[in-house]
Amino acid sequence: MSQVISSKGSSAAAPGTFRYQLKSFWSDFSASRGALFGLIFIAFVLLVALLAPWVAPHDPAMQDRAALLVPPVWHAEGSWNYILGTDAVGRDILSRLIFGARYSLSISAMVVVISMCGGIFLGLLAGYFRGWVETVITRVMDVVLAFPSLLLALGLVAILSPGLTSAMIAIAMVQLPYFVRLTRAAVIGEKNREYVTASRLAGAGHMRLMFNTLLPNCMAPLIVQATLSFSTAILDIAALGFLGMGVQPPTPEWGAMLANAREFMTSAYWAVTFPGLVILLTVLMINLMGDGLRDALDPKMKRS
Amino acid sequence: MKKTLLAAGVAAMMMSATPVMAKTLVYCSEGSPEGFDPSLYTTGTTFDASSKTIYNRLVQFKPGTTELEPAIAKSWEVSDDGLEITFHLRDDVDFQTTDYFTPSRPLNADDVIWTFERQMDKDNPYYKLANGSFEYFQSMSMGELIKSIEKVDDHTVKFVLSEPNAPFVANLGMDFASIHSKEYEEQLVDEGKPEMANQQPIGTGPFQFLNYQEDAAIRYQANPDYFRGKQPIDNLVFAITPDAQVRYQKLQAGECQVMPFPNPADVDSMKQNDDIQVLQEAGLNVAYLAYNTTQKPFDKPEVRKALNMAINKQAIIDAVFQGAGQTAKNPIPPTMWSYNDDIQDDQYDPDKAKQMLADAGVKNLEMNIWAMPVQRPYMPNARRTAELMQSDLAKVGVTANIVTYEWGEYLKRAANKDHDGAVILGWTGDNGDPDNFMGTLLSCAGVGTSNNVAEFCYQPFEDLIQKARTLDDQDERAKLYRQAQEVFKEQAPWDTLAHSTVFMPMTKNVTGYTIDPLGGHSFEGVDIEE
Amino acid sequence: MLRFLLVKLAQLVPTFIGVTIVAFAFIRLLPGDPILLMAGERGISAERYAQLQSQFGFDRPLIVQYWDFLSGLFRGDLGNSLVTHSPVIHEFMSRFPATMELSIFALAFAVIIGLPAGVIAAIRRGKTLDHTIVGISLTGYSMPIFWWGLLLIMLFSGTLGWTPVSGRMSFIYFIQPVTGFMTIDSLIAGDWGAFLSALHHLILPAIVLGTIPLAVIARQTRSSMLEVLGEDYVRTARAKGLSSYRVIMVHTLRNALISVITVIGLQVGLLLAGAILTETIFSWPGIGKWMIDAISRRDYPSVQGGLVLIAFIVMIVNLLVDVAYGVVNPRIRH
C-alpha cells in the first residue's frame, strides 16, 4: 500500500508505463471516498499497531489486582487511568486492543499470504496444464468446500493444538479453494490470448509462461479476493476464539478477548463491546477499501 | 417404535391441553441428557433428567445433606461381620403408569434384584445390550464386591458382600443404583425392543416421563401414584439451554423459573433483581494445583510450600470465581465431616517465598503450569487462574509457562507419572465421605493415574487414610482424617486453591428447592406460589 | 441438459469419496479419545479401557475401521453414537429440520430485504439512499455474527422484552413432530397460537443468520443491476421513455435474479457455518450445535456420520444450483 501512496507525488507519466497505470489506478481508487476513508483508517490502525509500545497507556499483560473490571472513563466509577476500562484480571482494555491489533492484523496478513501463494500456485497448475492435474486439484478443492468452513477450521485447529500458528494455518486452508478457483478461471481465460501465444512462440518455458506472462494479468481479481479474505480471516479467527479454539489467552487477540469476556456480557459490557466493535470497524474498513480496489481494478465497474 | 412415540405424543397433547390451571415449572437445564437409563451414564446432566426425577433408590441422601435416609427400603441391618446387609422394602411403592406401560403389581424384591443383575449378570439381556458398559457400577467394582443378592421374601432383600465395606450402603444411594421395573423391562425384551427402556423410562419417582425433543426440551408430569404423594406442581419441563448467559436472560424473561450454573459474574445483578432469589451453598469440591512430587525441585516440600506462598489465592477467588468461592486450605471442603479447621494456611508472602526458594537452592526456576481447557464445577476458568499464577510467580523469580491440551488428552498426560510441572485440577464429591477425596486423590494406589496427579505417595499419610478406610466408627475415622490433613499441609503436595460456591437462581415464587451438596438437581417438593 | 447433469453427477463421486476420507480422518486425528473423556477426572482402569476399545472397534486397523464406515454408509447405517448409544442417522434427522427451518427463514429474510434494497440502490445510484444501503450492507457483511447475536439478545429479549431468548416454541404448546418444522407442524395440528409462537421464536435467530447473506445479496443485486443498466441499449431505452424502461427493468431484474441464485447457492455452505454460531448462541437444537458437541465429546461415529451427511447436502445443493443456473443461462453448459 505504501508503494501506491508514494507514487502520488510523481510528475506526469507517459501512458502505458507502470507509473501511468498506478496513477490511473490511484485516481480511480481515490475517487471513492469510502475507499479512501477505509485506507486512512487501516493505515491508522497499522500505525497504532506498529507503535503499540509507545502509544499504549499500559503494558497489555500488567494485572492491576486493585482494579478488576473497572468501567470506562465516562462512568462515575471509571478513571482516566483506564480509558476503556479493565478486564477480569485488571488489565487495561485499551492497551490490549492496541496490542491486539498487532496479532489480528499480522495473523490475517499471514493467512492471506499463505492461502494466496498456495492458491495461486495450485490454480496456475490447474489452469495451465488442465487434464488430470486440473481434475485432481479441483476435486480436492471441492472436498474442502463441501464442509462448512468453520467446522473444518475448528477441527484443524484442534488437530494442530489450539494456538496462534494453528489458527493461522487452519484458516488459510479453508480460504485456499477460493484462490485456486479464481486463479484457475483467470488463467483459462487468459491462456489463449495472443500475448501468451506470442510468448510461447518466443520460446518461453512453462515456468516463465505461468509466473511471468500469465500471472501478472490475472492479478486484479486476486487482489480483490485478497482484501476479502483478509477481512474474512479476522472474522474467522474471532469466531474460532469465540468457540474457544482460537488464539489462546493471555495473547491480547481481539477474538480471544471477546470470547474471554463473554461471561461479563451483562455485568461488564465494556469487556465484550469494545473488542467486538473494533473487529467490526476494522473489517468494515478493509471491506470499504476492497470495494474501492475492485472498482479501480475491474474495468467493467469503472465509471464511464 | 414409531407407533408408540406417536401414541405418547397424542396422549401428551391431551394431557397438556386439559388441565388449564396446571402448574408448570420450567427448569433451564444446562445440557442434553445422554439417555434416560442412569445406570449407563456418569454425567450429572443425565442424572438430573433421569434418576433425580423418574427414579428412586433403596436409600437416599437427605435433601440438602450427605446423610443417608430411607427411600424404597424403609430400614436395613448390617450383620456383625459386615458381610450381609438386609433391606426391608416399603410395600406401597408403585411403578409409574404411562401410555407405554401399565404395571400389574407394586414394586417388590424382584425389581431390586433385577436392577443389580442387569448390571452384573452376563446373561441378562440388558447386560448384553450395553455390552457391560455400566460405568459407575464398574468403576466402583460393585461386581466384585457383591457376592450375591438373595430374595428373603417379597419385601426383603439380602446383599452378601465379598469383604466388609463401610461406604456400601451409601453407594446404593447413588444414581446408578436407581431401581428399574423388572416387569417393564422384561416386557420390552419380549417385544424385541429392550433399548426403549433408555428412551421411555419407567421408575417409581416423583415425575413421570412424557417426551423428549432432542437438544430442546424434556417434559414430565407429576406421578399421581408417587409413594410420598403427588407433587405440588403438575408439569415439569427441562428447557435445554447450554449457554449461561441465555439461561439468565430466559429467567429474567420468565421463560423459566429455575436455572443452574449461572455465570459467577452475573450473580450480583441477579441478587439485585427483585423477581429473582439466589440460593447458595458451599460446594462439595476442591480445586488445586498439584506439583509433580517425583520431579525436581518439586520433590522438596519446602519448595512446594514456597511456591504456595508466592501464589495469591485471594486474587484467584476475586478474578476467576468473581467471589463465588472461598480459598481452600485443606484437601476436603469445609462442609465435610472431619474437616480440620485448626490448620493454618501458608500465607501469601512473596518475600518469604523468595527467601525459601533461595534457601532451598532453587534459582531461575522455569516450570509448567497446566491449565485445563474446560470449565468445571470447581474451576470456572483454569486459563485465567494460570495467568494469575504466572504473574505472581514472576514476582519471585519463577518463570511459568502455561500449557494446555484438549480435555481428554490433558487427563491422559497428567496421568503419566513423568508429566512435567504443576497441574490445575479438582474434584467434586460423589458421596459425603472424606475417603472419596483423600483416599482417591492422594493415596499411593492413585500414582500414575489421573486421580493422583501430584504422584503423592507418603507413607505416614498413607497409613492414616488406609486405617481410616477400614474403621466403622465415624469419630475414630474423623480423628485420623484430621491428622492426615496436618500431614498433608506439612508436605504440601498441592496448593489447595478454592472451594467453589454453588448458586441456584430462581424466580421468587419458587418454594421448597434445596441445593444438593452432591451437585444434583431435584424438584421433589418444589412448588410455585401464585 | 441430461449430459450436463450426468457429467456433474459423475464429478460428485470422487468428491464424495474424498469427503468420506476427510470425515473419517478428521475425528481420528483430533487429540484425545472418547473413552478418556467419558471417564473425566474419575479416570479409568487399563483393563476397562482396553475392553471399551475393543467394544467400539478402535483396536482394529484403521483401514478396517474405514471400510466398515464406508460399507455401513452404503447400507445407510452410520453406526451408533458413543454418547447416547442411539443410531447416528436418527440423531441427525431429529435435528436437521431445526437447522433447515432456521436456514430457510434466514434466507427468506435475506432475499426479501436484500433484493429490493439492491434494486433500489442501483436505481438511485450515487444518491444518499444508495450510499445508505451500501453502507448498511457492508456493515452487515463485516459483522462478527456471534457478537451481533449476543447484542440483539441483550437488546430485544433483555431490555425490550420483545422476542423470546431462545428455543423454538413456547412450552405452553406441544406439537407432535411430523416434518420437524415447527411452523409447518403447528399448521398441520391447526394450532394458530403454536404457529405464531414458532414464528416469534424464529425472528432473532433468522435475522442473525440472515445478516451476512442479506448483505451479500443486496450487494450482488446492486452490482449486477448496475452492470446491465450501464449497457448502451438500456440507456437508449431509458432515453426513449418509461414504457420500454419498464421492460428493461424487468429484463435487468431477471439477470439480477440469476446472480442471486448463484449467491444463494454459494451461501448454503456459509449458512451452515453461520448456523453453528447462531445455534450456539440461541440454543437452537440443530445440527450445528450437535456437531460441536459431538466433536468436543470425540463421538467418532456422530462426527464422521454428521460430516458426511452435511457435506452431502452441501454438494447436492450446489449441484441443484448448477443445474438451475444451467437452465436459466444455457451458455454455461458445454
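Relative to one another, the C-alpha centroids of segment B:356-411 and segment A:129-172 are positioned 34 Å apart. With a Förster radius of 30 Å applied to the C-beta separation of B:A22 and B:L279, the computed FRET efficiency comes to 0.75.
3J(HN,Hα) along segment B:323-331, derived from phi through the Karplus expression 6.51 cos²θ - 1.76 cosθ + 1.60 where θ = phi - 60°, amounts to x, 7, x, 9, 5, 9, 10, 10, x Hz, with x in place of Gly and Pro. Chain C against chain B buries an accessible area of about 3900 Å², both chains summed, 1.4 Å probe radius. Shielding by partners for peptide B:382-392, expressed as the average number of C-beta atoms from other protein chains within 10 Å of each residue's C-beta, is 4. Given R₀ = 30 Å, what would the calculated FRET efficiency be for B:K352 paired with B:D418, taking r from the Cβ atoms and rounding to 0.05? The calculated FRET efficiency here is 0.45. The overall shape of segment B:135-181 is oblate: from the C-alpha gyration tensor, with semi-axes ordered a ≥ b ≥ c, the ratio a/c is 1.5 or greater and a/b is no larger than b/c. Between A:P72, A:L84, A:S106, the Cα set farthest toward the positive side of the dipole of segment A:61-108 (charges on each charged residue's Cβ, about the Cα centre) is that of A:S106.
Under the criterion of Cα pairs below 8 Å and six or more residues apart, the relative contact order for chain B equals 19 percent. Placing pseudo-labels 7 Å out from each Cα toward the beta carbon at C:H90 and C:H200 gives an inter-label distance of 3.3 nm. Rolled with a 1.4 Å probe across the full set of protein chains, the surface gives B:L357 an accessible area near 10 Å². Under the convention that each Lys and Arg Cβ holds +1 and each Asp and Glu Cβ holds -1, the size of the dipole of chain C around its Cα centre is about 1320 debye. Taking a ≥ b ≥ c as the square roots of the eigenvalues of the Cα gyration tensor of the protein assembly as shown, is the shape rounded (a/c under 1.5), prolate (a/b larger than b/c) or oblate? It is prolate, given that a/c is not under 1.5 and a/b is the larger ratio. In segment B:282-326, carbon and sulfur make up what percent of the accessible area (probe 1.4 Å)? Ligands and nucleic acids excluded, carbon and sulfur reach 48 percent.
Proximity of backbone amide H atoms, modeled 1.01 Å from N, is registered between A:G78 and no other residue at under 5 Å, excluding neighbours fewer than 5 places apart on the same chain.
Relative to the dominant Cα principal axis of chain B, helix B:2-17 is inclined by about 90°. Expressed as a fraction of 2.2 N^0.38 Å, the value expected for a compact globular protein of N residues, the C-alpha radius of gyration of segment B:379-495 is 1.19. Ligands, DNA and RNA left out, the 1.4 Å accessible surface of segment C:257-314 is 78% carbon and sulfur atoms.
With unit charges on the beta carbons (Lys and Arg positive, Asp and Glu negative) and the dipole taken about the Cα centre of the protein assembly as shown, which residue among B:G229, A:P60, B:S29 sits farthest to the positive side? It is A:P60, whose Cα lies furthest towards the positive end. Which whole-angstrom value gives the distance between the alpha carbon centres of segment B:265-343 and segment B:200-227? Using only Cα atoms to place each centre, the spacing works out to 37 Å. Stokes-Einstein diffusion of segment C:162-213 at 10 °C, 1.306 mPa s viscosity, Kirkwood radius from Cα pairs, rounded to a whole number: 140 µm²/s.
At the residue level, B:R469 shows approximately 90 square angstrom of accessible surface with a 1.4 angstrom probe and all protein chains present. Solvent-accessible surface of the protein assembly as shown, taken per residue with a 1.4 Å probe and all protein chains present: 40 Å².
Modelled spin labels at A:M219 and C:I21, positioned 7 Å past Cα toward Cβ, are 3.6 nm from each other. Spin-label model, A:S106/B:E490: points 7 Å from Cα along the beta carbon direction are separated by 5.2 nm.
Quick check: from the Cα gyration tensor, does segment B:97-178 come out rounded (a/c under 1.5), prolate or oblate? Here segment B:97-178 falls in the oblate category. Take each residue of peptide B:129-139, count the partner chain Cβ atoms within 10 Å of its Cβ, and average: the result is 4. Computed from the C-beta positions of B:L83 and B:Q295 and an R0 of 35 Å, the FRET efficiency is 0.20 to the nearest 0.05.
Hydrophobic long helices, here whole DSSP H runs in chain A with Kyte-Doolittle means of at least 0.5 and Cα atoms spread over 24 Å or more along the helix axis, are found at A:33-50, A:93-129, A:164-191, A:215-242, A:269-297. Over chain B, all Cα pairs binned in 10 Å intervals from 0 give whole-percent P(r) values of 4, 17, 26, 24, 18, 8, 2, 0, listed from short to long. The long axis of helix C:192-229 is offset from the longest Cα principal axis of chain C by roughly 50 degrees. Taking the 0 to 90 degree range and rounding to the nearest ten, how far is the long axis of helix C:62-74 tilted relative to the main principal axis of chain C, both from C-alpha atoms? With both axes taken from Cα atoms, the answer is about 60 degrees. Measuring spread by the Cα atoms of segment C:88-333 yields a radius of gyration and Dmax of 20.5, 67 Å. Its residue count N sets the reference 2.2 N^0.38 Å, and the alpha-carbon radius of gyration of segment B:23-163 equals 1.13 times that reference.
Only one residue of B:I202, A:F44, A:A259 has its Cα farthest out toward the positive end of the dipole of the protein assembly as shown, where Lys and Arg carry +1 and Asp and Glu -1 on Cβ, and that residue is A:F44. Relative contact order of chain A: 22 percent, from C-alpha pairs under 8 Å at least 6 residues apart in sequence.
Counting only other chain Cβ atoms within 10 Å of each residue's Cβ, the peptide C:21-28 averages 3. Distance from the alpha carbon centroid of segment C:125-146 to that of segment B:133-182 works out to 67 angstrom.
The values are calculated or read from the model by the stated rules, or taken from the named source; none is laboratory data. Treat the numbers as computed from the prediction; the structure is a model and nothing was measured. Heads up, the Cβs are rebuilt from the backbone with ideal geometry, glycines too, and the neighbour counts pull from every protein chain shown. Surface areas here come from the heavy atoms of the whole protein model, side chains and all, with no ligands, DNA or RNA. Shrake-Rupley method; radii C 1.70, N 1.55, O 1.52, S 1.80 Å.
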